[in-house]
Amino acid sequence: MKHLIKTSLSLLIVFFVFQNTSAQIKERSEIPDKYKWDLSVLYENVDAWKQAKDELAVKVEKLDANKGKLNESGEVLHSTIVSFFDALKDFYQLIVYANRLYDEDLRKSENQELTQQISNLGTKFSEKTSYLSPEILKIDPAALQKFYDDFPQLKEYELFIENIQRLREHTLTQEEEQILASAGLITGNPTTVYNIFDNAEKPIPKVTLSNGEEAELSASLFVRYRTVPNREDRAKVFEAFFNNYGKFQNTIGANLAGKIKGDFFYAKNRKYDSALEMSLSGPNIPVSVYTTLIDQINKNLPTLHRFLDLKRRMLGVETLNYYDLYTSIVKAVDMQFSVDESQELLLEVFEPLGEEYVNTVKMAFENRWIDFYPTNSKRSGAYSSGAAYDHNPFILMNWNDDYNALSTLAHELGHTMHSYFSNKHQPFHYSDYETFVAEIASTMNENLLNDYMVKNAKSDEEKLFLLGSYLELLRTTIFRQTSFAEFEWEIHKIIEAGEPLTGEKMSAIYFDIVKRYYGHDEGVCTVEDYIKYEWAYIPHFINYTYYVYQYSTSLIYATAFAEKVKAEGQPAVDKYYEILKGGGSDYPIELIKKAGLDPMSSEAFDLTMKRMNDVMDQIEEILDK
Ligand SMILES: [Zn+2]
């Protein structure tokens, strides 16, 4: 429940986006309706929304009616949970409408006001229901069993209740909980310090490129300059950029160590053995999933090394260097797709997932679930939102006719289909799915798209572009993110063993990991000394705790599912639907098992590496021609 409210509040966070209003970008009114989402399915108009919000406000006032009484009977507990979810469902729908409307045009203050109104109601909602989790947690398991026997309807919420009760051992007394909560004022500080330093106060290094251009290496420009075609320029850019972090390694390191100590402070006080165990306990993921990922990826480093060697060959260099990694091995091929063309194409791409899937995607196109074009002051980027349980999900796009737009749409449609099927097959209280499974549905679609495009490529050049981009995706998402996961684990272990952790030590640990992953000692890829400071550039280590590993696991499971669907056809599709239709009806690991993969076995890794090797075979075949 805590989790549900948190999710809903995170939907409210508003990032202000500054967009260049160039002449080509149209006003929203100039876009034909069929390319814009239809929010009127949620509420006829803003007045109807306001009325619904006022009605919910009345309900919210009554949400604490049973405060202090949840241990009285199964019936009281049941009716309280029912009222909670009933109100939460309305609340989500109100948020979805307010936020979508706001994202259409960030200039409109009247829309911003709606998001503020619903945010205020959200605060009230949290206050009125804050007693729920603690009271449910306090119900004695024997008493709870009697509740189920006396009032069998309560069984419908068993997983929801169990999810709260299983934290019993890790929940403290009310006074202790208050102290822990107030510690947040201090433990959040390293994150603030890092972000101020990295985004504002850190000096920006400059280098002069071979063409005389003076390159200022801010974080965003580094991403551009690290791909420059001239090799010496790249080397210069990397050296200047990372040595700049090196100058501050002990400051950034001491700060990061403070954050890691904070993680352990919470874990220890909540009686977990480690911060890793505590982080994974939320979605109930066994620690062995994490260790399996690291073990398996290390075992499969030869596949990464094969790719790096292929990259070296395609770049035509004697020895590959770490600063060559972001240079494209293939010429970007100019592929253009209009919205209409992409719709037709995607219906074919998704054919392996069966008729039901394709027909639902068709509905998304025909019934205006998607807002396609960039318009003045529309929110940038892309997302899918499926939180309005009784209605269709919505997708925001900023379409620009290139391959990236097409693959982004395939990705977001994966989330949208996941939400649609979860909402359709699960009661509201089990419709919300965990991050751990969310990106499976989206990256499965990217896999299918790549397959389709390769099969239908018009030239070898196009094929190389598609296969090459796919390999880069696997390198950066599977291998690079796992190396981060390994680093994160190593530095936590040092703090948890009571040993000192300095920036210098972090650099040494990071350097060892990167050299191992990239085959430095085997002569696969030279990792220059200054790369040891790269950890200081990765904001995830300070902004999250044990989050990045999910990028790797999601893509590995999705690739494995895609391989199974290709090899086995319908039976594998039917199983895959366990995830799409399962929502939050079971723990994510259980859903993945039901869908036919054991996260603790090597199967998913074997299938993914086989796929990666197949792609490299195809590239070599073209090159050998
Ligand atoms: Zn996604």
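Overview of results
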read-out	value
Any hit, the stretch 191-206, residues being among the basic types (Lys, Arg) and over 30 Å from Tyr326 (Cα atoms)	no
Filtered residues of the stretch 424-434 (kept if away from the ligand (no atom under 16 Å from the Cβ) and either under 27 Å from Ser552 (Cα atoms) or part of a helix (DSSP H, G or I) (or both))	Lys424, His425, Phe428, His429, Tyr430, Ser431
Output for the stretch 356-394, where each listed residue is out of contact with any strand residue (DSSP E or B) (no Cβ under 9 Å at 6 or more places or on another chain) and assigned to a helix (DSSP H, G or I)	Glu356, Tyr357, Val358, Asn359, Thr360, Val361, Lys362, Met363, Phe365, Glu366
Search result, residues across the stretch 214-237 that are open to solvent by 70 Å² or more (accessible area, probe 1.4 Å), free of Cβ contacts under 8 Å to residues at least 40 places away in the same chain and not in a helix (DSSP H, G or I)	Glu214, Glu216
Residue under evaluation Ser585, criteria (1) open to solvent by less than 10 Å² (accessible area, probe 1.4 Å); (2) farther than 30 Å from Lys463 by Cβ, criterion not met	(1)
Lone unmet requirement of (1) more than 16 Å from the ligand (Cβ to nearest atom); (2) open to solvent by less than 30 Å² (accessible area, probe 1.4 Å); (3) not acidic (Asp, Glu) for Leu406	(1)
Criterion violated by Asp451 - all others in (1) out of contact with any Phe, Trp or Tyr (no Cβ under 8 Å at 6 or more places or on another chain); (2) within 16 Å of the ligand (Cβ to nearest atom); (3) of a type in the set (Asp, Glu) satisfied	(2)
Residue that is open to solvent by less than 50 Å² (accessible area, probe 1.4 Å) and farther than 22 Å from Tyr546 by Cα, where the choices are Val289, Val330	Val330
Test: residue in the stretch 105-123 that is in contact with a strand residue (DSSP E or B) (Cβ under 9 Å, 6 or more places away or on another chain) and of a type in the set (Val, Ile, Thr)	no
Close pairs (6 angstrom Cβ cut-off, 6 or more residues apart or separate chains): among the acidic types (Asp, Glu) in the stretch 408-433, more than 16 Å from the ligand (Cβ to nearest atom) and open to solvent by less than 30 Å² (accessible area, probe 1.4 Å) anywhere	Asp432/Gly584
Pair list, Cβ < 8 Å and 6+ apart or interchain, from the stretch 340-354 residues that are modelled with pLDDT under 95 to residues that are among the small types (Gly, Ala, Ser)	none
Residue match in the stretch 441-461 (condition: open to solvent by 20 Å² or more (accessible area, probe 1.4 Å) and touching a Gly at 6+ places or on another chain (Cβ under 6 Å))	no
Scope the stretch 238-254; condition in a helix (DSSP H, G or I) and open to solvent by 30 Å² or more (accessible area, probe 1.4 Å); matching residues	Glu239, Asn243, Asn250, Thr251, Ala254
Single match in Gln93, Gln145 (criterion: exposed (fewer than 15 other Cβ atoms within 10 Å of the Cβ) and either in a helix (DSSP H, G or I) or touching a residue at least 40 places away in the same chain (Cβ under 8 Å) (or both))	Gln145
Unique match (being within 19 Å of the chain's Cα centre (by Cα), in the same structural domain as Thr319 (by TED's automatic domain parsing), open to solvent by 30 Å² or more (accessible area, probe 1.4 Å) and not hydroxyl-bearing (Ser, Thr, Tyr)) among His520, His540	His540
Search result, residues across the stretch 153-195 that are under 17 Å from Asn71 (Cα atoms) and of a type in the set (A, V, I, L, M)	Leu154, Ile161, Ile164
Matching residues, the stretch 40-72, being outside any helix (DSSP H, G or I), open to solvent by less than 80 Å² (accessible area, probe 1.4 Å) and in contact (Cβ under 8 Å) with a residue 24 or more places away in the chain	Leu42, Tyr43, Leu63, Asp64, Gly68, Leu70
Helices (runs of 4 or more DSSP H) (entirely within the stretch 534-625) containing at least 2 residues that are within 19 Å of Asn300 (Cα to Cα)	549-568, 603-624
Unique match (being away from the ligand (no atom under 15 Å from the Cβ) and free of Cβ contacts under 8 Å to residues at least 60 places away in the same chain) among Asn392, Asn400	Asn400
Residues that are more than 19 Å from Glu528 (Cα to Cα) and in contact with a strand residue (DSSP E or B) (Cβ under 8 Å, 6 or more places away or on another chain), drawn from the stretch 200-247	Ile204, Lys206, Thr208, Leu209, Glu214, Ala215, Glu216, Leu221
Filter result (open to solvent by less than 10 Å² (accessible area, probe 1.4 Å) and within 16 Å of the ligand (Cβ to nearest atom)) within the stretch 370-384	Ile370
Extreme residue, least open to solvent (accessible area, probe 1.4 Å), among residues of the stretch 164-191 that are more than 16 Å from Phe264 (Cα to Cα) and under 25 Å from the mean Cα position of the chain (by Cα)	Ile164
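Every residue, every condition in (1) crowded, with 22+ Cβ neighbours inside 10 Å; (2) in the same structural domain as Asp614 (by TED's automatic domain parsing); (3) modelled with pLDDT of 95 or more; (4) within 20 Å of the chain's Cα centre (by Cα), yes or no:
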site: Thr545; (1), (2), (3), (4): no, yes, yes, yes
site: Tyr551; (1), (2), (3), (4): no, yes, no, yes
site: Ala560; (1), (2), (3), (4): yes, yes, yes, yes
site: Glu563; (1), (2), (3), (4): no, yes, yes, no
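For (1) within 14 Å of the ligand (Cβ to nearest atom); (2) within 19 Å of His415 (Cα to Cα); (3) in contact (Cβ under 8 Å) with a residue 40 or more places away in the chain, each residue gets a yes or a no:
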{"residue": "Phe436", "(1), (2), (3)": "yes, yes, yes"}
{"residue": "Glu439", "(1), (2), (3)": "yes, yes, yes"}
{"residue": "Thr443", "(1), (2), (3)": "yes, yes, yes"}
{"residue": "Asn447", "(1), (2), (3)": "yes, yes, yes"}
{"residue": "Asn456", "(1), (2), (3)": "no, no, no"}
{"residue": "Glu462", "(1), (2), (3)": "no, no, yes"}
{"residue": "Phe465", "(1), (2), (3)": "no, no, yes"}
{"residue": "Tyr470", "(1), (2), (3)": "no, no, yes"}
{"residue": "Thr477", "(1), (2), (3)": "yes, yes, yes"}
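The values are calculated or read from the model by the stated rules, or taken from the named source; none is laboratory data. Quick caveat: nothing in here was measured; it's all calculated off a predicted structure. Positions of Cβ are backbone-derived with ideal geometry, glycine not excepted, and every protein chain shown enters the neighbour counts. Ligands, DNA and RNA are excluded from the accessible area calculation, which covers all protein heavy atoms including side chains. Shrake-Rupley method; radii C 1.70, N 1.55, O 1.52, S 1.80 Å.
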